[in-house]
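Below you'll find the structure, written out as structure tokens, and then a few comments.
Any read-out appearing in this document is the output of simple, stated calculations on the displayed coordinates, not a laboratory observation. Predicted model only: the values in this text are computed from it and were never measured. Reconstructed Cβ throughout: ideal geometry from the backbone, glycine too, with neighbour counts over all protein chains shown.
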Amino acid sequence: MSSEEKTLTARDLRVEFGLPGGRVARAVDGVDLDVAPGEIVALAGESGCGKTTLARTLLGLERATGGTVAFDGVPLRYSTRALKAYRRQVQLVLQDPTGALNPRHTVYDAVAEGLRIHKIHDDEPGRVAEALSRAGLRPPEQFFLAYPHELSGGQRQRVVIAGALVLQPSLLVADEPVASLDASVRGEILSLLLRLKEEQGLGALVITHDLGLAWSIADRIAIMYLGRIVEQGPVEQVLTAPRHPYTRALVSVLPAAPAVKAAVAEPIVLAGELPDASKIPGGCRFRPRCQEVASGNAAAVLHQCSGEDLHVLGPEAEPHLVACHLDRALHGDAKMAA
Amino acid sequence: MLLEFKDLRVTYRGSRGRLPAVRGVDLAVDAGETLGIAGESGCGKSTLAMAVLRLLPKSAEVSGEILLDGEDLLQMGWGRLRAVRWTGASIVFQGAMHSLNAVQRIGRQIAEPILVHEAKTTPAAAARRAEALLERVGLPASRARSYPHELSGGQRQRVMIAMALACDPDLVIADEATTALDVMVQAQVLQLIAELVTERGVGLMMISHDLSVLSAVCDRAAVMYAGRIVEQGPAGEVFANARHPYSAALSAAFPVIGDPAARMSPGGLAGDPPDPVRLPEGCSFRPRCAVAVERCGAESPELLAVPVRGSAGVADAARVSACFVAQEGMPVVL
């Protein structure tokens, strides 16, 4: 898998932050992940689960304290020059298009900025026009001289995406690309990401708290809890037949089709909130909030839940992987699949 | 009827001229009933909420009636209005961080409206009530001594709910009260709201851009577009089987997980809501509508009872829609 061309890979990635008082927050605590061109991977989890830190580390904005990030088989290097070259291939799309665009720059300038940073001077207008039209702003010349305030929310986010596309990257990392957009505009941007994948083979890692978004556009999904991926696999499997108790709870509180409701009958509202990343519970990190532990269903494996940390899930696209002692007891050893 | 809007109109005077934000809304909420109001930014849903407690800026011109227990809020004197705020109706806003006083302990903030509105209550009794309220919303009583920054977003939203309930109001308005929260925390807060509504028999007007949230909590839902209500009916029905193309697009924006039709096909709607200063002729939704017919460009549709699936073309009085296509019994999605 990892040798595949233009694939972004993370292996046993760890990011720790020192806190006052000598405590250490383990924001990313062992993650394996692959994102290949031509696929959309959703990384889902609650605020504080480490998903944004993971994305920043994949982009080289944050240094890993352990493990590796590699692109196209080459480990990421952090010299200014190496990072610049890397970011031509892997581009970031930010959450809030109004904040990401300078109100005094025209659309043309906003999109051309990346070309200027990378000193690509040949045919600038042609490249800007092409990026705008790939982002669905057509005819592109009509938008050149527009200012952000003259555009709709959906158009502004398209300009931000065009700014990423102008360098012809192989992958996008999009952090909550539609969270700040109005309901009806969401679809417009998600359709664009889907079309870029289908027609142009662009891959994307979409970071989101919204499982519905994953259902709309992603091929694979990774569910993150407290610095780890706890369940990972094809979207159809993970979301319609979730196996990790945390994923089951997340899916249970969302509107779902009858088939899914059959798998996850009652809404499971977990008590409490995500613990602090400096106080990750020993054993299974989800144990203190786990509904299976609370109900006694996990009694047979409870000694493992409280004493044994789970393996880091592998990055394989298939099969469906779950970091849960109970699931392992029920479905056989997950390591066999890895 | 606990709360009734009669032909409510709100117009803001601004530098660009007169900006109609609410253009004739009739709505009612009964005691113990939950009504959801859905729509995008700028559709007028928050203006509607603010109008109830007369929290609108001076630039707003308001006409029509807002009856709370039969009494017109718009005609009330300031003294009476002050008495009605908190005790008659209270409001939970979206950004709890901005609504709470950052330098005052939580307990004191919850006790404040009790002390203001109940002259006979002693500070010690008010503090005890504040602690009981905190426990009711699922926080330890010891949290009364905390400051807002010591709480998480979900906990702060619980404090806001405790505060809204402090003076036992008959009506609670929740304006995007769970919007900024994570899925699981949102589920916790929604569950709490639903429990409190049943337990205390308050009327709830819940405003959200997310129809799926409303369908989970509310009995009825009304969808607003460009300052008007375009559809109203039982919340689950409006979400699952919209009878206005705009509600259909809003529903599709939040896909049902496991629905094969929504897989790899994000729903949505191109374009933006119309500029209130330059509303289109005819139906204000027409420029974004996929099923518009000729009549939609000429006349503005009224909110009328519409036939629903399985009713054999007979209009159902519980379902109203301001769409000519739906009124003819035709499908509103392509």
What does the highest-first list of A:28-39, A:94-105 look like by mean Cβ count within 10 Å? A:28-39, A:94-105
Rg(Cα) of chain B divided by 2.2 N^0.38 Å? 1.04
When the convex hull of its Cα atoms is projected in every direction, mean area for the stretch B:89-166 (nm²): 4.7
In percent, what relative contact order does the stretch B:89-166 have, based on Cα pairs under 8 Å that are 6 or more apart in sequence? 44
Helix by helix, which DSSP H runs in chain B go 24 Å or more along their axis at the Cα atoms and have an average Kyte-Doolittle hydropathy of -0.5 or more? B:183-200
For B:269-276, what's the mean count of beta carbons from other chains sitting within 10 Å of each residue's beta carbon? 4
Note down the nm distance, to one decimal, between modelled labels 7 Å out along Cα→Cβ at B:LEU55 and at B:GLU71. 2.0
Once the convex hull of the alpha carbons of the protein assembly as shown is built, what does its volume come to per residue, in cubic angstrom? 174
Compare the peptides A:11-23, B:165-177 by average per-residue count of other Cβ atoms within 10 angstrom and give them in order, highest first. B:165-177, A:11-23
At the level of C-alpha centres, the distance separating the stretch B:94-156 and the stretch A:203-237, in angstrom, is 38
What average number of partner chain Cβ atoms lie no more than 10 Å from the Cβ of the residues making up A:240-249? 1
Note: B:177-184 gets an average of partner chain Cβ contacts (10 Å, Cβ to Cβ) equal to 5
Full extension between B:GLU135 and B:VAL293 adds, at 0.36 nm per residue less the Cα distance, a length in nm of 51.4 nm
Over 26 Å between Cα atoms: which of A:LYS84/A:LYS279; A:LYS6/A:LYS279; A:LYS6/A:LYS119; A:LYS6/A:LYS197; A:LYS51/A:LYS84 fall into that group? A:LYS84/A:LYS279; A:LYS6/A:LYS279
Please report the relative contact order for the stretch B:1-125, taking Cα pairs under 8 Å with a sequence separation of at least 6, and give it as a percent rounded to a whole number. 25
222 nm [θ] for chain A, helices only, -39500 (n - 2.57) per DSSP H run of 4+, per residue, to 500? -10000 deg cm²/dmol
Using θ = phi - 60° and the Karplus curve 6.51 cos²θ - 1.76 cosθ + 1.60, what whole-Hz ³J(HN,Hα) does each residue of the stretch B:22-29 get, with Gly and Pro shown as x? 10, 10, x, 10, 10, 8, 8, 10
Partner aspartates and glutamates whose C-alpha sits under 13 Å from that of B:LYS120, ignoring same-chain residues fewer than 8 away, are none
Total charge dipole magnitude, chain B, about the Cα centre, Cβ charges on Lys, Arg, Asp, Glu only, Debye to nearest 20: 1000
Based on the mean of other beta carbon atoms within 10 Å per residue, what is the order of B:81-93, A:111-123, most packed first? B:81-93, A:111-123
Each residue of the stretch A:182-192 in turn: what ³J(HN,Hα) in whole Hz from Karplus with 6.51, -1.76, 1.60 and θ = phi - 60°, glycine and Pro shown as x? 5, 3, 6, 7, 3, x, 4, 6, 5, 4, 4
Would you list, by chain and number, the aspartates and glutamates whose Cα falls below 20 Å from the Cα of B:LYS6, excluding same-chain residues fewer than 8 positions away? B:ASP26, B:ASP30, B:GLU33, B:GLU61, B:GLU65, B:ASP69, B:GLU71, B:ASP72, B:ASP170, B:GLU231, B:GLU302
A:ARG228 long-range amide H proximity, modeled H, under 5 Å: A:ASP29
Using alpha carbon coordinates only, what is the Rg to Rh ratio of the stretch A:1-218, with Rh defined as the Kirkwood radius? 0.97
Taking Cα pairs under 8 Å and at least six residues apart, what relative contact order does chain A come out at, in percent? 21
So how do B:SER265, B:SER247 line up by other beta-carbon neighbours within 10 Å, fewest first? B:SER265, B:SER247
